[in-house]
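The structure appears right after this line, and notes come after that.
The values are calculated or read from the model by the stated rules, or taken from the named source; none is laboratory data. No experiment lies behind these values; they were computed from the predicted model shown. Glycine gets a Cβ as well: all are built from the backbone with ideal geometry, and neighbour counts include every protein chain shown.
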Amino acid sequence: MNRRFQTYLLGNSHTPLATLAGGGLLIIASNRVAFALVACAALLWVYVLTVLAAFTAKPILPKRGLMVILLFLSSLIGSLFLLVLWLLNPLLALGSAFIILLCPVYCMGSELFTHLDSQTLKKALVKTLMDAAILGLLIIAFALIREPLGFMTLSVPVREGPGMVELFKEEDGRSLFPIRILSSAGGALLLLGYGVALFRHLRKPYIQEES
């Protein structure tokens, strides 16, 4: 792995993977792969459009209370995504509403918005895309573990009907019953705990370098 990319992932407290410590979005959105895909799309939408809006309005944005203004701005952008999803499929939007409304909170956790003045638009967009993509792919990876083992199925979002369709369904999964704990919030916390432990283990060399 590229050293610069490794440092970006693991080497500071604002890294995208540092949000594992506050994994509310990760736990909720990784329940189903369909919801995870929606969360990934919402993260990309919110992060990128918030950066574009912030750079467009940078000349008139006050220094004081900037983060509060950006939080309201990203919340408005997240609401627009929810509206678009509602027009496509109301049931899917209803099931994903809380997930989408959490995305602006995670967006404001990015280091980018605390150093907005020192960034160029090109660098900001690249970093924003990386932040959103890493978090989105992490949610999808968790969902690909939780849904097949917990529900014995795999879902994808669709425009018709209930908003998602199951690609397969295992009717008799009694032999794997104990592993179905992963479909619950407790199982997600257990999986998250292993993820946080792995992250801290990988980040340890960078902490030693900083000290």
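Look at region 13-44 and say how many of its residues are among the β-branched types (Val, Ile, Thr), within 16 Å of ALA133 (Cβ to Cβ) and modelled with pLDDT of 90 or more.
So the answer is 1.
From the list LEU116, LEU125, pick out the single residue that is closer than 28 Å to GLY78 by Cα, surrounded by 12 or more Cβ atoms within 10 Å (Cβ to Cβ) and modelled with pLDDT of 80 or more.
After ruling out the rest, the residue left standing is LEU125.
From the list ILE99, ILE77, exactly one residue is crowded, with 16+ Cβ neighbours inside 10 Å and touching a residue at least 60 places away in the same chain (Cβ under 8 Å). Which is it? Spell out the reasoning first.
Numbers: ILE77 fails: touching a residue at least 60 places away in the same chain (Cβ under 8 Å).
Matching residue, one of ILE99, ILE77: ILE99.
Exactly one of these conditions fails for LEU70: (1) surrounded by 19 or more Cβ atoms within 10 Å (Cβ to Cβ); (2) within 19 Å of LEU26 (Cβ to Cβ). Give me its number.
(2)
Per-residue answers, yes or no, for (1) free of Cβ contacts under 8 Å to residues at least 60 places away in the same chain; (2) among the hydroxyl-bearing types (Ser, Thr, Tyr); (3) closer than 20 Å to LEU25 by Cα:
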site: LEU121; (1), (2), (3): no, no, no
site: ALA124; (1), (2), (3): no, no, no
site: ILE134; (1), (2), (3): no, no, yes
site: LEU137; (1), (2), (3): no, no, yes
site: PHE142; (1), (2), (3): no, no, yes
site: PRO148; (1), (2), (3): yes, no, yes
site: SER155; (1), (2), (3): no, yes, yes
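Identify, from the list SER75, SER110, SER118, SER79, the residue that is among the polar types (S, T, N, Q) and within 13 Å of the chain's Cα centre (by Cα).
None of the other options fit; the residue is SER110.
Which condition number in (1) in contact with a helix residue (DSSP H, G or I) (Cβ under 6 Å, 6 or more places away or on another chain); (2) closer than 26 Å to GLN119 by Cβ is the one that TRP86 fails?
(2) is the only condition that TRP86 fails.
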